[in-house]
Amino acid sequence: SQQGEEDPQALSIQEGENATMNCSYKTSINNLQWYRQNSGRGLVHLILIRSNEREKHSGRLRVTLDTSKKSSSLLITASRAADTASYFCATDENGNKLVFGAGTILRVKS
Amino acid sequence: DAGITQSPRHKVTETGTPVTLRCHQTENHRYMYWYRQDPGHGLRLIHYSYGVKDTDKGEVSDGYSVSRSKTEDFLLTLESATSSQTSVYFCAISDQPQETQYFGPGTRLLVL
């Protein structure tokens, strides 16, 4: 079963624009993470936000978490062609596991 | 990248043959995970380990077994490969459960 579900499935924007991806989940969580995957590569951790946090920043990334709506968003500001990748949210379940969503494919056109 | 390697990186095999994939880490992380990635499914957990000789099943464990005899190595075995096991397999490690995971480069497996 997939805990996190990303939306949209695919997003195409021009370089310099902002990109927003959303993640919804079903059960209570301790934290939510976002990962990036470049084509043909492994996932790379971007940011972790805990359930008692509402917003977190890392460089051009801004993540919000709304536990009442069971949703999170990832905002990439001033996007670059190098941001072209798939983005996944992952939520924790009871035990020692993360559950990943199906991902959002972001294409940034130069 | 965290010190994680996977071998082989690519493999073609035939239906019914056993296949073993290796994940090796140099980070001394306690937790190790095997995932498979298929279009439209994201990453799905196959098995994970929370210590030497301590393993547990994930979401899609049927047809797979694992072993961890050393902290640094986590082996995934397809006991009798089937075409449905054609996929990209990723190993990941973490120092704490449910915290940041660090991924290997992946193994592309094609079962004919």
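Selection of region B:11-36 for residues being surrounded by fewer than 21 Cβ atoms within 10 Å (Cβ to Cβ) and within 11 Å of chain A (Cβ to nearest Cβ) yields only B:ARG30. Scanning region A:85-110 for residues that are modelled with pLDDT of 90 or more and among the basic types (Lys, Arg) yields A:ARG107, A:LYS109.
Taking the listed residues A:ALA102, A:ALA90, A:ALA82, the one that is aliphatic (A, V, I, L, M) and more than 14 Å from every other protein chain (Cβ to nearest Cβ) is A:ALA82, with no other qualifying. Only strands (runs of 3 or more DSSP E) whose full extent lies in region A:13-110 are considered here, and the ones with at least 2 residues that are within 22 Å of B:ILE46 (Cβ to Cβ) are A:31-37, A:43-50, A:85-92, A:98-100. Total residues in region B:38-97 satisfying the condition of being assigned to a loop (DSSP other than H, G, I, E, B) and among the polar types (S, T, N, Q): the figure is 6.
Looking at region B:1-10 only, could you name the residues that are modelled with pLDDT under 95 and within 10 Å of chain A (Cβ to nearest Cβ)? It would help to see each step written out before you state the result.
At the first step, the residues of region B:1-10 found to be modelled with pLDDT under 95 are B:1-3.
The answer is B:ASP1, B:ALA2.
B:GLY58 fulfils the conditions (1) of a type outside the set (Ser, Thr, Tyr); (2) within 13 Å of another protein chain (Cβ to nearest Cβ); (3) more than 30 Å from A:ALA10 (Cα to Cα) except for a single criterion, (3).
Across region A:44-63, the qualifying residues are those that are under 12 Å from the mean Cα position of the chain (by Cα) and within 19 Å of A:LEU98 (Cα to Cα), and the one among them that is farthest from the other protein chains (Cβ to nearest Cβ) is A:VAL63.
Give me the residue from region A:44-66 that is over 23 Å from B:GLY104 (Cβ atoms) and among the hydrophobic types (A, V, I, L, M, F, W, C) and, out of that set, surrounded by the fewest Cβ atoms within 10 Å (Cβ to Cβ). Per the criteria, the residue is A:LEU61.
Across region A:16-43, the number of residues qualifying as facing chain B (nearest Cβ under 10 Å), under 25 Å from A:THR84 (Cβ atoms) and surrounded by 13 or more Cβ atoms within 10 Å (Cβ to Cβ) comes to 6.
The values are calculated or read from the model by the stated rules, or taken from the named source; none is laboratory data. The model shown is predicted, which means the values in this text are computed figures rather than measured ones. Please note: Cβ atoms are built from the backbone with ideal geometry, for glycine as well, and neighbour counts cover all protein chains shown.
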